[in-house]
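The structure appears below as structure tokens.
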Amino acid sequence: MSLLGVQDVVTAYGKIEALKGVSLDVAQGSITCLLGPNGAGKTTLMMSIAGILKPKRGRIVFEGQNIAGTPPHAIVAKGVALVPENRLVFPAMTALENLQAGAYQRADRKTVGEDIERLFTRFPRLKERAGQQAGTLSGGEQQMLAVARALMSRPKLLLMDEPSLGLAPLVVEEIFRIVTELHKDGVSIFLVEQNAHMALKVAQHFYLMEQGKVTFSGNPGSLAEDEVIRRAYLGSAQA
Amino acid sequence: MLADLIQNSLDGVTAGAAYALFALGFTLIFGVLRRANLAYGPAIMFGCYAATWTHLNFGAGLLLLAVITIAGGVLAGAYVERLCFAPHRGGSAIAAMVASFALWMQFEELATIVMPRHLYAFPALYDGPPLELGPFTLRIDGLVMLATAIAACALLWWILYRSRFGLAVRAVIEQPAAASLAGINVPWVLVRVFALASALGGVAGYLVVASHGQITPMLGMWSTLKGLLAMMLGGLGSLPGAVLGGLALGLIEAHSQWFFGPQWRDLIAYLLLFVLLAARVPWMTTRSAS
């Protein structure tokens, strides 16, 4: 069953179309992954789904409802949370305040407190750093914080944009371990990754995007995998 | 000589308390938008004129006048945000600034059309004798100004660091995109920040007008200049800096006036700002987060 459906979405910066009619589906309860070279439009798609960018055309259907053009805070309220590229933690706020900000729309302080405790068991490093300014955390810790902050809104669909960007290999493995754990807990995940090898290990379905269009889709383990990985890194233009 | 220095400093700190509130309002708006709002002072003037008008026509008391001043300032501030800044969010900074200049003119014109005389009396906060402390004199309205400014700073601190709205404001200051991704309604936070900043300015404007006992349309430009100057002196974007900048401006003015005469008072403050900017002192050219 489709949780999120992107239908013929066009998003432009001025006159330049970064998305030239993108269509794809994220199934309920899946990890779906979006691969593609730099400049393919992956981040633009994530920002369009999250409401930061307004699509010029097309529909974005979440749980049967068109959310294209809805402001970002209202999309969070519907159950979609984005862990943005480069994490974008609130640097001068403490780690704990970052988590509280993530729960901004939730009025019940008690369940928010319980969720923070639960996330602290999942991310013990964040508990140690709770009172520390987020800007002083390491890259890996900031990524954990960004994921935890997004989870504080209790999303049904978690969008993750390049969570492994700039992180050491061990930290990347840790991040992907968390992704699979979250998936087991029932969160559907739509993941953008440069690290195609890692992404294809955890995903059930993938899409390849090149120059603003979806050019390939399939399931990991298929014969085409090597070709997809090559194109994800290089783009077909160089082939 | 020493007694003069102390007396000047006392006067400077009380005047600086009002400047600090102007600067805090300016800094809040700059913090969330990274834009200078030239109509900030004129919005405060609007509040003060609304109070003066009520006083002339209905003769309201001091407390009611304070409420009207602040409420008028808040309304005018929200109007400025909707008209000048909301349409240009993420767009042209120059367009927003020119628009805020246009609203400045609007407020001034409105004031002179409705109340055409250049100067109107405003009921004085206190017209008894000043407090004598040995060789020093302290004006009672100055003390009220200082105490109110301290209380307003404490309240602002509580709002920013202890309330849910404050968490949203700090999030918007630090990472506007991430704030909206966290579920914060950023446009609505911006309107409320303008209202909060104008309320702070309204408190300061009321105290200034009530201790001078008079009001002119120049109040708008005057508050914008004092707020901008104090904000720059304390370091762009820093709230503690705004308070220090306001106090510093008050002290500089009081001492210049004493040593060089009243005609030098403003000139020396501007000259100092100019020298500090030209020297690119680090706290002015690097903007801090909050």
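The values are calculated or read from the model by the stated rules, or taken from the named source; none is laboratory data. Since the structure is predicted, the reported quantities are computational estimates derived from the model, not experimental observations. No Cβ is skipped: glycine too gets one built from the backbone with ideal geometry, and neighbour counts run over all protein chains shown.
Observations
- Listed by position, the helices (runs of 4 or more DSSP H) enclosed by segment A:83-172 that each have at least 1 residues that are more than 14 Å from every other protein chain (Cβ to nearest Cβ) are A:109-122, A:124-128, A:139-151.
- Note on segment B:32-65: residues that are of a type in the set (Gly, Ala, Ser) and within 15 Å of the chain's Cα centre (by Cα) amount to 5.
- Meets criteria (within 14 Å of chain B (Cβ to nearest Cβ), in contact (Cβ under 8 Å) with a residue 60 or more places away in the chain and part of a helix (DSSP H, G or I)) for A:VAL76: yes
- Residues of segment A:10-52 that are within 13 Å of the chain's Cα centre (by Cα), in a strand (DSSP E or B) and buried (at least 23 other Cβ atoms within 10 Å of the Cβ): A:VAL26, A:ILE31, A:CYS33, A:LEU34, A:LEU35.
- Count - residues of segment B:166-206 that are among the aliphatic types (A, V, I, L, M) and within 17 Å of B:THR224 (Cβ to Cβ): 5
- Qualifying residue in segment A:55-70 (condition: closer than 30 Å to B:LEU160 by Cβ and either at the interface with chain B (Cβ under 8 Å from one of its Cβ atoms) or of a type outside the set (Ser, Thr, Tyr) (or both)): no
- Among the candidates A:LEU157, A:LEU151, A:LEU145, residue that is among the aliphatic types (A, V, I, L, M), in contact (Cβ under 8 Å) with a residue 24 or more places away in the chain, crowded, with 18+ Cβ neighbours inside 10 Å and touching a helix residue (DSSP H, G or I) at 6+ places or on another chain (Cβ under 6 Å): A:LEU145
- Helices (runs of 4 or more DSSP H) contained entirely in segment B:147-212, each with at least 1 residues that are over 26 Å from A:PHE90 (Cα atoms): B:186-212
- Matching residues in segment B:165-183 - criterion: being more than 7 Å from every other protein chain (Cβ to nearest Cβ) and under 23 Å from the mean Cα position of the chain (by Cα): B:PHE165, B:GLY166, B:VAL169, B:VAL172, B:ILE173
- Scope segment A:121-147; condition of a type in the set (A, V, I, L, M, F, W, C) and closer than 13 Å to A:THR94 by Cβ; matching residues: A:LEU126, A:ALA130, A:ALA134, A:LEU137, A:LEU145
- The residue of segment A:101-131 that is surrounded by the most Cβ atoms within 10 Å (Cβ to Cβ), among those that are at pLDDT 95 or above and among the aromatic types (Phe, Trp, Tyr), is A:TYR104.
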